[in-house]
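Visitor: Sharing a structure, written as structure tokens. Questions coming.
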Amino acid sequence: MLGTVFVCLVLGLATYWGTIWVLQASSHSESSQELVELDESIVQEPDPYLADLRAAAQIVRERWSYGEHRAQISGLDLAALEQTAVALLGDQPDNHTFKLALTYFIAGLKDGHAFVSTPEHTLAAKHRWPFSLVEVAEGIMVHGVQADLPRPKPGDLLRTIDGVAIEKFISKAEHQVFASTDLSRRHQAIQFMCKWDTNPEREFGFESADAKQFAVSSSLPPYYQTIMTPTLISKERRHRMLENGVAYFCPGNFSPPTDSGWPGPPEKRDAILADTYAEFDRIIGELAQCRALILDLRHNPGGTDLLGQFLVDRLVDPGYIYFQLSSDFGMDWLNFGKHKSTAAKGENSIRAPLICLIDERTFSTADNVAACLADVHPNVRFVGRPNGAGTGAPRPFELPRTGATIHFCTMRVRTPNGRMGEGLSIPLTETVTWTRDDVLQLRDPDLQKALDLLDPN
């Protein structure tokens with residue numbers, strides 16, 4: 001969860017190679033320190049890249065919150081994943097192959113909060129493709145195009161890259177991105193492959209709207225160049241009354257204000273969030289007389305659960321459970337603690353039928369909000385695409401030989417009803433697939449489907 005901050009610190013020159021100390025500062029618990037003692041065979045390994053890859057595997061086995069869960073829901077085999085990652089190092093490992101192998105291993109956890117950072121950005125791209133992409137019912141579609149490029153044009157479908165089918169490129173990119181669900185992983189892979197490319201030029205094969213095939217060879221612009229692309233789903237906070245007494249509210253995200261000193265001491269966090277609390281209350285007050293509410297959680301990356309629960313407080317009766325948490329501090333998994341609401345029903349509340357719009361980019365705190373509403377709201381439906389289903393508090397672990405840092409979840413999160421939410425999306429009332437025409441004409445079929453469900457006629 002983005003509202004949780006962890007600081008990693010390696011202590012002690014004498015134990016630098018063999019021991020990792022991690023200092024945790026969590027929004028859910030007070031600071032605590034734990035010890036990860038690496039196996040002697042790892043400490044004695046002469047190759048620093050192999051040593052740190054094996055160290056990462058040991059740390060994941062001992063500290064990752066979702067190992068057993070992932071084995072159950074997706075058949076994850078950590079030993080096999082480690083073996084494949086070690087093979088990627090090659091006979092003469094270097095910074096480049098190490099970053100590839102370590103990323104492959106951590107991405108293979110399928111933990112959306114996972115991440116890899118290294119002192120040397122050996123995989124940093126130099127180029128990007130001269131267009132942006134979006135997946136629609138018809139295929140992978142060009143959305144925005146570099147201004148001086150005559151072809152392709154928005155609406156054309158990308159079929160091949162250098163003569164290779166696009167699905168092979170997507171499959172490869174999926175091993176370099178971090179996501180908790182297959183749909184979210186695919187979405188991120190499509191964005192990754194067109195924004196981060198080390199090749200200076202490519203030949204792209206397209207199919208136009210009238211099914212004509214054509215190819216374009218292009219020198220690639222620098223990776224930092226922005227391709228102007230129409231916004232399909234805004235991430236800005238907004239609200240309004242729609243037709244027939246239906247209200248619409250998009251929180252945008254649940255992040256604390258920038259430059260606010262977040263997280264700071266726990267006792268000061270409510271003060272930091274006071275203005276956002278007031279804004280949420282004002283919006284709910286303006287929409288309070290609606291006969292139904294559409295809550296838009298699409299493209300919502302999360303933030304702090306203090307804001308997430310504050311919103312849920314205004315949509316359901318008090319006394320509910322927001323989520324259940326369990327932690328492992330180098331011992332055994334503790335019992336799940338139930339985080340209950342103590343909010344009383346106030347004037348600024350909405351007790352009306354609810355439709356949540358969700359998609360593969362609904363993540364972290366937004367996932368927790370959606371999962372909570374699914375369990376405790378008496379009249380809620382979900383429209384869109386399966387949510388990102390990534391929940392849990394990530395923690396960094398610095399590897400002793402290379403200075404690389406791996407991040408992954410070290411807390412288990414269950415929904416109010418006791419369901420493990422990580423990697424398991426909320427069942428949809430209506431699944432919506434966007435078409436090429438929806439994108440080109442800037443229609444919002446998710447919102448339209450929600451309005452259709454709420455049509456009193």
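The values are calculated or read from the model by the stated rules, or taken from the named source; none is laboratory data. No experiment lies behind these values; they were computed from the predicted model shown. Cβ placement follows ideal geometry from the backbone for every residue including glycine, while neighbour counts extend to all protein chains displayed.
Visitor: Quick test of your reading of the structure: GLU138 fulfils all but one of (1) in contact with a strand residue (DSSP E or B) (Cβ under 9 Å, 6 or more places away or on another chain); (2) of a type outside the set (A, V, I, L, M); (3) not assigned by TED's automatic domain parsing to the domain that holds ASP182. Name the failing condition by number.
Guide: (3)
Visitor: Scan segment 431-455 residue by residue and report those that are within 24 Å of the chain's Cα centre (by Cα) and surrounded by fewer than 14 Cβ atoms within 10 Å (Cβ to Cβ).
Guide: Of everything in segment 431-455, those that are within 24 Å of the chain's Cα centre (by Cα) and surrounded by fewer than 14 Cβ atoms within 10 Å (Cβ to Cβ) turn out to be THR431, THR433.
Visitor: Looking at PHE169, PHE254, which one is among the aromatic types (Phe, Trp, Tyr), without any contact (Cβ under 8 Å) to a residue 60 or more places away in the chain and either in the same structural domain as PHE105 (by TED's automatic domain parsing) or surrounded by 19 or more Cβ atoms within 10 Å (Cβ to Cβ) (or both)?
Guide: PHE169
Visitor: Moving on to the next point. Restricting attention to segment 364-378, does a residue exist that is in contact with a helix residue (DSSP H, G or I) (Cβ under 8 Å, 6 or more places away or on another chain), assigned to a loop (DSSP other than H, G, I, E, B) and not hydroxyl-bearing (Ser, Thr, Tyr)?
Guide: Taking every residue of segment 364-378 in turn, none turns out to be in contact with a helix residue (DSSP H, G or I) (Cβ under 8 Å, 6 or more places away or on another chain), assigned to a loop (DSSP other than H, G, I, E, B) and not hydroxyl-bearing (Ser, Thr, Tyr).
Visitor: Testing GLU203 on (1) over 26 Å from GLN441 (Cβ atoms); (2) in a loop (DSSP other than H, G, I, E, B), one condition comes back false. Which one is that?
Guide: (2)
Visitor: Taking the condition of being of a type in the set (Gly, Ala, Ser), loosely packed, with under 14 Cβ neighbours inside 10 Å and in contact (Cβ under 8 Å) with a residue 12 or more places away in the chain, how many residues in segment 147-166 meet it?
Guide: 2
Visitor: Where residues in segment 403-440 are among the hydrophobic types (A, V, I, L, M, F, W, C) and assigned to a loop (DSSP other than H, G, I, E, B), which of them is nearest to GLY384 (Cα to Cα)?
Guide: Ranking the qualifying residues of segment 403-440, first place goes to VAL432.
Visitor: Ok, one more. Which of the numbered conditions does ARG151 fail, given that it passes all the others? Conditions: (1) of a type outside the set (Gly, Ala, Ser); (2) within 30 Å of GLU398 (Cβ to Cβ); (3) more than 26 Å from the chain's Cα centre (by Cα).
Guide: (2)
Visitor: Kindly list, by first and then second residue, each pair from a residue in segment 184-213 that is modelled with pLDDT under 95 to a residue that is among the basic types (Lys, Arg) and surrounded by fewer than 18 Cβ atoms within 10 Å (Cβ to Cβ), limited to pairs with Cβ atoms under 7 Å and residues at least 6 apart or on different chains.
Guide: Close Cβ pairs (under 7 Å, with a partner that is among the basic types (Lys, Arg) and surrounded by fewer than 18 Cβ atoms within 10 Å (Cβ to Cβ)) amount to THR198/LYS126.
Visitor: Which residue out of ILE294, ILE284 is hydrophobic (A, V, I, L, M, F, W, C), crowded, with 20+ Cβ neighbours inside 10 Å and under 29 Å from SER180 (Cα atoms)?
Guide: ILE294
Residues are listed down the side, and each one gets a yes or a no for (1) of a type outside the set (Gly, Ala, Ser); (2) surrounded by fewer than 22 Cβ atoms within 10 Å (Cβ to Cβ); (3) closer than 30 Å to ARG385 by Cα:
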residue	(1), (2), (3)
GLN92	yes, yes, no
ALA101	no, no, no
PHE105	yes, no, yes
PHE115	yes, yes, yes
GLU120	yes, yes, no
ARG128	yes, yes, yes
VAL142	yes, no, yes
VAL145	yes, yes, yes
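Visitor: A follow-up question, please. Name, by its number, the condition in (1) free of Cβ contacts under 8 Å to residues at least 12 places away in the same chain; (2) not in a loop (DSSP other than H, G, I, E, B) that does not hold for ARG443.
Guide: Failing condition for ARG443: (2).
Visitor: If I ask for residues that are surrounded by 13 or more Cβ atoms within 10 Å (Cβ to Cβ) and part of a strand (DSSP E or B), which ones from segment 218-233 would you list?
Guide: The one that is surrounded by 13 or more Cβ atoms within 10 Å (Cβ to Cβ) and part of a strand (DSSP E or B): SER218.
Visitor: Could you list, in sequence order, the residues of segment 304-313 that are over 20 Å from ARG381 (Cα atoms) and either crowded, with 24+ Cβ neighbours inside 10 Å or touching a His at 6+ places or on another chain (Cβ under 7 Å) (or both)?
Guide: If the condition is that a residue be over 20 Å from ARG381 (Cα atoms) and either crowded, with 24+ Cβ neighbours inside 10 Å or touching a His at 6+ places or on another chain (Cβ under 7 Å) (or both), then THR304, ASP305 are the ones that fit.
Visitor: Next question, about the same structure. Which ones in segment 429-457 are over 25 Å from LEU133 (Cβ atoms) and of a type in the set (S, T, N, Q)?
Guide: The answer is THR429, ASN457.
Visitor: On the given criteria, is PRO400 at pLDDT below 95, under 28 Å from ALA56 (Cα atoms) and in a strand (DSSP E or B)? Walk me through how you get there before you give the answer.
Guide: On the way: at pLDDT below 95: yes; under 28 Å from ALA56 (Cα atoms): yes; in a strand (DSSP E or B): no.
Against the criterion (at pLDDT below 95, under 28 Å from ALA56 (Cα atoms) and in a strand (DSSP E or B)), PRO400 does not qualify.
Visitor: Let me ask you something else. If you check GLN146 against the conditions, is it closer than 26 Å to GLY423 by Cβ and polar (S, T, N, Q)?
Guide: Spelling it out, it is not the case that GLN146 is closer than 26 Å to GLY423 by Cβ and polar (S, T, N, Q).
Visitor: Out of segment 363-409, which residues are buried (at least 24 other Cβ atoms within 10 Å of the Cβ), polar (S, T, N, Q) and touching a strand residue (DSSP E or B) at 6+ places or on another chain (Cβ under 7 Å)?
Guide: THR365, ASN368, ASN387, THR391
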